[in-house]
1. Within segment A:153-165, take every residue that is assigned to a loop (DSSP other than H, G, I, E, B) and surrounded by 19 or more Cβ atoms within 10 Å (Cβ to Cβ) and give me the one that is modelled with the highest pLDDT.
2. Taking the condition of being over 17 Å from B:Lys780 (Cβ atoms) and out of contact with any helix residue (DSSP H, G or I) (no Cβ under 7 Å at 6 or more places or on another chain), how many residues in segment B:719-735 meet it?
3. Against the conditions (1) over 21 Å from A:Ser189 (Cβ atoms); (2) in contact (Cβ under 8 Å) with a residue 60 or more places away in the chain, where does A:Lys112 fall short? Just the number, please.
4. For segment B:475-490, which residues satisfy the criterion of being surrounded by fewer than 21 Cβ atoms within 10 Å (Cβ to Cβ) and part of a helix (DSSP H, G or I)?
5. Just one of (1) in contact (Cβ under 8 Å) with a residue 24 or more places away in the chain; (2) in a helix (DSSP H, G or I); (3) within 20 Å of A:Ile176 (Cβ to Cβ); (4) within 10 Å of another protein chain (Cβ to nearest Cβ) trips up A:Ser106, so point out which.
6. If you check A:Ala94 against the conditions, is it more than 10 Å from chain B (Cβ to nearest Cβ), touching a Leu at 6+ places or on another chain (Cβ under 8 Å), among the aliphatic types (A, V, I, L, M) and within 16 Å of A:Arg201 (Cα to Cα)?
7. Take the residues in segment A:22-68 that are of a type in the set (Val, Ile, Thr) and more than 10 Å from chain B (Cβ to nearest Cβ); name whichever of them is nearest to A:Tyr91 (Cα to Cα).
8. What number of residues in segment B:523-545 are surrounded by 21 or more Cβ atoms within 10 Å (Cβ to Cβ) and free of Cβ contacts under 8 Å to residues at least 60 places away in the same chain?
Amino acid sequence: MMNIIKGRPENASPDLKEALRYMGYKGHTPDPDSMKLIEECKSELLKAVSPVCCYMYTEIRAISEDETELVFGKVKSRDLARHLKGCTGAYLFAATIGISVDRLISKYSRIKPAKGVITDALGSSSIESFCDFAELEITKDITQHCSRFSAGYGDFSLSHQTDFMRCLDMNRTLGITLSDSLLMTPTKSVTAVIGIGASNRTCASKCISCPNTKCIYRDSGH
Amino acid sequence: MNILDKIHSSITYFDGGMGTLLQAEGLKPGELPELWNISRPEVIYNIHKEYLKAGANIITTNTFGANRLKFDNLEEIISAAIDNARKAVNEVCGENGEGYVAFDVGPLGKMLKPLGDLEFEDAVSIFADSIRIADRCGADLIIIETMNDSYEAKAAVLAAKENSSLPVFATCVYDEHAKLMTGADPAAMAALLEGLGVDAIGMNCSLGPRQMVGIVPKLVERSSVPVIVNPNAGLPKSVGGETVYDVDADEFSDIMTEIVKAGATIVGGCCGTTPEFIRKTVDKTKPLPFTLPQKKHLTVVSSYTHAVDIGNIPVLIGERINPTGKKKFKQALRDNDLEYILNEGVAQQDAGADILDVNVGLPEIDECAMMVRVVSELQAVSDLPLQLDTVDPVAMEKAMRVYNGKPLVNSVNGKPESMKAIFPLVKKYGGAVIALTIGTDGIPTTAEGRCEIAENIIKEAEKYGIDRCDIIVDPLAMTVSSDTNSANVTLESIRIIEERLGVHTSLGVSNISFGLPNRDFITSTFYAIALQTGLDCAIMNPFSFEMMKVYRSFRALRNMDESCAGYIEFASNVTVGSTQAVQSTAKNDADDGGDPLKRAIIKGLCEQAKATAAELVRTSDPLEVINERIIPALDKVGKGFEENTVFLPQLLMSADAAKAAFEAVREALSKTEQQSKGKVILATVKGDIHDIGKNIVKVLLANYGYDVIDLGKDVPPEVIRDCAVSQDIRLVGLSALMTTTVPAMEETIKLLRESCPNTKVVVGGAVLTQEYADMIGADKYAKDAMETVRYAETLELL
């Protein structure tokens, strides 16, 4: 059975440092004019977010070196199997900050590109903040659990988005839709597996498992 | 008794949840419940039967997700589902009893464009496939339910109306703030769905009855058709690791009595409810008095978020999206430059417009295609209702179809051919329509004559089933300089048309002052008198200070502005007779050589850049302003970006400011001096709906003097190729954000190579690398927007 957590806007408050990294600041501090604009975008964003997530428990029926069997079937992924090593079960998890954020980004990217870029970066950080918040809520009574691991990380194929969609009934519960190329709308949405029974943290940052080592957004810590 | 008679004669009951009961029978998470119509028909049949025995009149088929996106054997699934339901009805109610089979239509699980990747017409066609089968298989009605998005709801209703004559019910998912996930409130949904001719409207899912109690009156007070309420069994909560809904059948049915008292006449349940919930609800609500919603006679239009009522507070219709008399606008249309139009839309909204008029008619362009594009793009930047303004009925129909909401239609007149073309559209798609008092013999010179035409239009509309509340009469403001009695006639027309015909009025007010100096003086005074006479809507320029002064003052004076708040906000921002504020913020900065224009661009100050540039071209050579000031300032910022001292937001702010400066200078340039550096196509490739990166490149290329043909996002390879061939393009920029869409990029490059071997291709986007670019055969990988500009500069594009 499924659980739903509705968050408040402050649960999805973007991490400025993270957002600046997405904007390409590479550790530099924005000039005061840009900072003013960023603050303005942040307050507009927080008016637009409606954070919500849902999750359900799945037992891990079998796990080998490169395959994990979850409630929806087998997942062929060495990275996921490594991440869930020692786990007995997991939560399937999906979250979004809502379609109004997409509207805001699409509006500004058409008429005020600077605000479009800033709002997009803040939105990406906002959904991550909310996921952090939700993950804490979900795992608060569980001593041994892993960090979240999303389809698209490493060799965990994005095609499993359809499994998340179905199992979590994401369209009905969260209003999330999937495009033909497996992208979610609202775009600031996340699906993930949170392993239970071990506390693997191999993937605290998703950058580490990404093959694109030259990516301009890559977390400099990795 | 057929279902429509039934809902108009007594409280009618829907069944409850299906999913929870199927799970209890062993349905696995992620398993498609629709398949059980074939594999476990007895389970489905029994559930239907239990609901009918509990007192439900309408049972919904187990077809929530039955569409061709999910199933190849659609016919088999739908016909089995309807069979299961029909058998249950026949068994429990008898063949002529009060049991009805509702074909259940749920959302497609895909987002429509422009936010998602599904074309509106594709959505209509997917729904249509299922509905045709259901119609053939003998459903009694269609229930479109759990709609999160007004646009998808519209697509489903249109599909139902176009492919079946069955009654259509529609229920949407509201959150605790009484909004749909995509933003619509009950008033907006009532306007949209009633406009489309839906027989009963309402809400289901997501909330429990307790949360819905407060939302029901919001819908009942706007609806003229019966209201449906099918709540969940409360909200889900976790008890000992198990999720349960927090309302039991007793409490549910208690609250359902409140919901019926609040005006709902069709009730049932959704997720988590069982036959017991329905039985208790029937027992408790059956004795309650049956009261249908009254006919509301509202004159209303809507967008995807809200409704605008006409007839209470004066409504401002922004007239600026119209090429008549605007050189720049015409050029923007010819260049397919929507940005100019979108900015006009947003600026009018900021200035206080309630509705935006959209007219894109120009003889040399394809008005139909442009109208559809502008409507769709405007709805991506503004949530105001639109007034669709075209004389071409084909363009009107296309626009009304894709419009997300109930539009204002501009216009119909008293000539038979006009009414014959427009009224069927209004009937089909819904809309309020502006009726011009022009008859076969032209515009009458008397108020009596204009009133007579209005009356004829209303009578004719009624023949099509269009209520007079959807007719807004425009008795036409005629130029006072050519006939000094014309304002009197118009004002008298307003008075008698409203008094005798009971309809609302609108005027394109600025016509009144044509040919006179300082037109705003006359127009705004006329506007004040017209408002006092009873004018409801004005098509006007919301940037006109004189007009807004009248509007704000009138509202404050006539008790239409609580605590005069609107007036105070407007008036306290006005400094009469001063435009100096713009100049004062400039302070000297070390790295701009003391040049205020350079400084404004570097700092990204749009207004200041524009004002300074406009001032400069009065005394200097415009080309010199561009080459000696604007370009060097841009270069400085661009160089800073490349050296990691300036970052993306600032780069874009500067680009915006440079653009504003260019605009000010361009007017002073001759044709030859305005020559572009060449045309460049930009597109985000098929399958990818991210366009931020592409938009950044567009801004910078435009700044550096290139003509950018922006094909948008999710663009098929053939479209890019065809455009490159037809426009003889030498440089194409492709963007992709996801690894999954890189193959589409490769495919596009392949097509381009075949058809236009001399065209260069530059690629970019978050996942791209030099290796990827080499692999897919691109000419250039640009890591950011500046690099694309630098690359373009190395090419001969003319």
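1. Let us first name the residues in segment A:153-165 that are assigned to a loop (DSSP other than H, G, I, E, B), namely A:153-157.
After this cut, where a residue has to be surrounded by 19 or more Cβ atoms within 10 Å (Cβ to Cβ) as well, the list is A:153-154, A:156.
Details: A:Tyr153: 84, A:Gly154: 82, A:Phe156: 90.
The qualifying residue modelled with the highest pLDDT is A:Phe156.
2. First, the residues of segment B:719-735 that are over 17 Å from B:Lys780 (Cβ atoms): B:719, B:721-723, B:725-728.
Now restrict to residues that are out of contact with any helix residue (DSSP H, G or I) (no Cβ under 7 Å at 6 or more places or on another chain): B:719, B:722-723, B:726-728.
Qualifying residue count for the region: 6.
3. Only one criterion is unmet by A:Lys112, namely (2).
4. Matches in segment B:475-490: B:Ser486, B:Ala487, B:Asn488.
5. Every listed condition holds for A:Ser106 apart from (1).
6. Numbers: more than 10 Å from chain B (Cβ to nearest Cβ): yes; touching a Leu at 6+ places or on another chain (Cβ under 8 Å): yes; among the aliphatic types (A, V, I, L, M): yes; within 16 Å of A:Arg201 (Cα to Cα): no.
For A:Ala94, the condition - more than 10 Å from chain B (Cβ to nearest Cβ), touching a Leu at 6+ places or on another chain (Cβ under 8 Å), among the aliphatic types (A, V, I, L, M) and within 16 Å of A:Arg201 (Cα to Cα) - is not met.
7. Only one residue tops the list, namely A:Ile60.
8. Here the count works out to 5.
The values are calculated or read from the model by the stated rules, or taken from the named source; none is laboratory data. The structure displayed is predicted, hence computed values, not measured ones. Ideal geometry is used to build each Cβ from the backbone, glycine not excepted, and the neighbour counts take in all protein chains shown.
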